[in-house]
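**Q** What follows is a structure written as structure tokens; I'll ask about it next.
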Amino acid sequence: MAIPIENIYYLLCYAWNKLDERDRVAVSTEDCSTLLDLFAKVLINSTRILLKRGIDRNYVPITTEFAGVKGKLELSATLKTDLLLRQRTICSFDEFSSNIMTNRILLSTLRDLLRTRGLDAGFKKDIKDLVWRFGDVEPLELTRAHFAAVRLHRNNKFYDFVLRVCRIVFENRLLSERTGEFEFQDFVRDERKMSGLFEEFVRRFYEIEQNEFRVGREDIYWQLQGPDRALLPKMQTDVTLRSAREKIIIEAKFYNDPLKGSYESEKLPAANLYQLFSYLLNQRVDERSMRTTGILLYARTDRDIDLDYEYEGHRFLVRTVNLAAGWKEIEERLLGILLIRDRRNSSHEGGDRLLRA
């Protein structure tokens, strides 16, 4: 699935709910021939912004050898050595420093990019010019635990966007033991990762780009009678949209090659149909839910599919969105899915609803 780099960036920024940061960082995708180049450019521009305003600082606990006493005297550790004879001690104290986890992760990611095969030479030069400006910040051998240790708040919230980019670089790199270099994996070819990204993008898109429906996920419970109900698998929608009088369930599906795999012999994927059909039947608890619309939304690049079915008051729609198209076309397609439904299924006053906020 040949999705343009610009569109991948948009998908990520929507999924992360970071459209403001995307505009602030202002990366031109015309300069980026690969995803690796894109993420490097994002980090270069983000780092320049951070360094211009001053990277974040905080109090860091330090235990070190000291002339005299400062902070808390570590008496046991001091007595185990001959430091007292030299009028020195081991002390613990807090120091206001830029050597904090957010900066260390960013610096470590930039240094790792310098060791990554295929990165644009111009971007490598830009990164080298930035790395030395981190002063006393110490690099790390990054692990998932380092990202989990970060605590963000109102004053350092811009780091959230930066660290998300750092994490995606970290999670998609492979270290060559032979050369000591990193290889960046193109996660677009990973159907599992792209499925999660597409689902989160669709949910965030409808949260941001329309103002009629409340958007979220929904737990659906089996309407079955009998013992051991705890053994029944959990059902949770990808996207549920609710208004005062309507409800829509969207299941977002991503396939690298849907025609060859899931659409073999021009058949819709049975598992997807069973899933959404089960959601519609088991969520019926009131008058509104008896008329819930279900939509199977597929990411495709070759052609659009628009299929409409009905069952006992439910509309069951199959739609596609072409992620290889221009971004304006993608926006119009996603909003058009709701607009088409309104035109065909509603006689409300004033014509079409204004979906964009």
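The values are calculated or read from the model by the stated rules, or taken from the named source; none is laboratory data. Just so it is clear, the structure is predicted and the values come from calculations on it, not from any experiment. Please note: Cβ atoms are built from the backbone with ideal geometry, for glycine as well, and neighbour counts cover all protein chains shown. Please note that ligands, DNA and RNA were not included when accessible areas were found on the heavy atoms of the full protein model with its side chains. Shrake-Rupley method; radii C 1.70, N 1.55, O 1.52, S 1.80 Å.
**Q** Scan region 191-208 and give yes if some residue there is modelled with pLDDT under 95, assigned to a loop (DSSP other than H, G, I, E, B) and of a type outside the set (Gly, Ala, Ser), otherwise no.
**A** Looking through region 191-208, none of the residues is modelled with pLDDT under 95, assigned to a loop (DSSP other than H, G, I, E, B) and of a type outside the set (Gly, Ala, Ser).
**Q** Kindly indicate the residue of region 25-43 that is of a type outside the set (A, V, I, L, M, F, W, C) and part of a loop (DSSP other than H, G, I, E, B) and also nearest to residue 160 (Cα to Cα) among those meeting that condition.
**A** In this case the residue turns out to be 28.
**Q** Can I ask one more? Could you check region 109-188 for helices (runs of 4 or more DSSP H) lying wholly inside it with 1 or more residues that are closer than 12 Å to residue 40 by Cα?
**A** The qualifying helices (runs of 4 or more DSSP H) are 121-131, 158-171.
**Q** I've got another one for you. Looking only at region 1-24, which residues are among the basic types (Lys, Arg) and either assigned to a helix (DSSP H, G or I) or surrounded by fewer than 16 Cβ atoms within 10 Å (Cβ to Cβ) (or both)?
**A** Correct list: 22, 24.
**Q** Something else: Which condition breaks for residue 51 when tested against (1) more than 30 Å from residue 303 (Cα to Cα); (2) of a type outside the set (Gly, Ala, Ser); (3) open to solvent by 40 Å² or more (accessible area, probe 1.4 Å)?
**A** Among (1) more than 30 Å from residue 303 (Cα to Cα); (2) of a type outside the set (Gly, Ala, Ser); (3) open to solvent by 40 Å² or more (accessible area, probe 1.4 Å), the lone unmet condition for residue 51 is (3).
**Q** Also: Every residue in region 68-115 that is open to solvent by 50 Å² or more (accessible area, probe 1.4 Å), in contact with a helix residue (DSSP H, G or I) (Cβ under 9 Å, 6 or more places away or on another chain) and farther than 30 Å from residue 168 by Cβ, please.
**A** 84, 88, listed by residue number.
**Q** All but one of (1) part of a helix (DSSP H, G or I); (2) at pLDDT below 80 hold for residue 93; state the number of the condition that does not hold.
**A** The number of the failed condition is (1).
**Q** Quick check on my filter: what residues within region 316-349 are at pLDDT 75 or above and either under 19 Å from residue 270 (Cβ atoms) or assigned to a loop (DSSP other than H, G, I, E, B) (or both)?
**A** Result: 316, 317, 318, 319, 320, 323, 324, 325, 326.
**Q** Is it the case that region 54-66 has a residue that's open to solvent by 70 Å² or more (accessible area, probe 1.4 Å), in contact (Cβ under 8 Å) with a residue 24 or more places away in the chain, under 26 Å from residue 128 (Cα atoms) and part of a strand (DSSP E or B)?
**A** Yes.
**Q** Turning to a different aspect of this structure: Take residue 215 and decide whether it is in contact with a strand residue (DSSP E or B) (Cβ under 7 Å, 6 or more places away or on another chain), part of a helix (DSSP H, G or I) and more than 24 Å from residue 114 (Cβ to Cβ).
**A** Here the answer is no, as residue 215 does not meet what is asked.
**Q** Follow-up. Look at region 281-315 and say how many of its residues are modelled with pLDDT of 90 or more, crowded, with 18+ Cβ neighbours inside 10 Å and part of a strand (DSSP E or B).
**A** 9
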